Amino acid sequence: MAVKLRLMRMGKTKQPTYRLVAADSRSPRDGRFIEIVGTYAPRNEPSTINIDNDKVLKWLQQGAQPTERVEKLLKLSGAWEQFQATKPAKPAKT
């Protein structure tokens, strides 16, 4: 099962808010998910981003792949840098 970290649309018509979820890559955008790891409200001024970095790190270390937008949000929250720091460095090819 391939797990993705992606946004799940919530809210009223033309007033979106999003949940950041870990979901099976085969499930629909607003369908089944495994765990909620954060929220994103783009219409607030400034945008509101609430991400549980511990949960996100757990999923990333287990091999979950973030979408492009989620990766940008993780960089803003600092979770992406934490994940990059925990990855072992690859040896240089000679």
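Some observations on this one:
- Selection count where residues are under 15 Å from Ile49 (Cα atoms) and of a type outside the set (Val, Ile, Thr), scope the range 6-39: 10
- Within the range 35-45, restricting attention to residues that are at pLDDT 90 or above and of a type outside the set (Gly, Ala, Ser), the residue that is surrounded by the most Cβ atoms within 10 Å (Cβ to Cβ) is Val37.
- Among the residues of the range 4-28, those identified as loosely packed, with under 11 Cβ neighbours inside 10 Å and either of a type in the set (D, E, K, R) or part of a loop (DSSP other than H, G, I, E, B) (or both) are Arg9, Lys12, Thr13, Lys14, Arg26, Pro28.
- Qualifying residue in the range 40-57 (condition: among the aromatic types (Phe, Trp, Tyr), more than 11 Å from Leu5 (Cα to Cα) and in contact with a strand residue (DSSP E or B) (Cβ under 6 Å, 6 or more places away or on another chain)): yes
- Residue selected from the range 19-55 under the condition of a type in the set (A, V, I, L, M, F, W, C) and in contact with a Gly (Cβ under 6 Å, 6 or more places away or on another chain), by the criterion nearest to Arg69 (Cα to Cα): Leu20
The values are calculated or read from the model by the stated rules, or taken from the named source; none is laboratory data. Here the structure is a predicted model, which is why all the values come from computation and not from measurement. We place every Cβ from the backbone using ideal geometry, glycine too, and count neighbours over all the protein chains shown.
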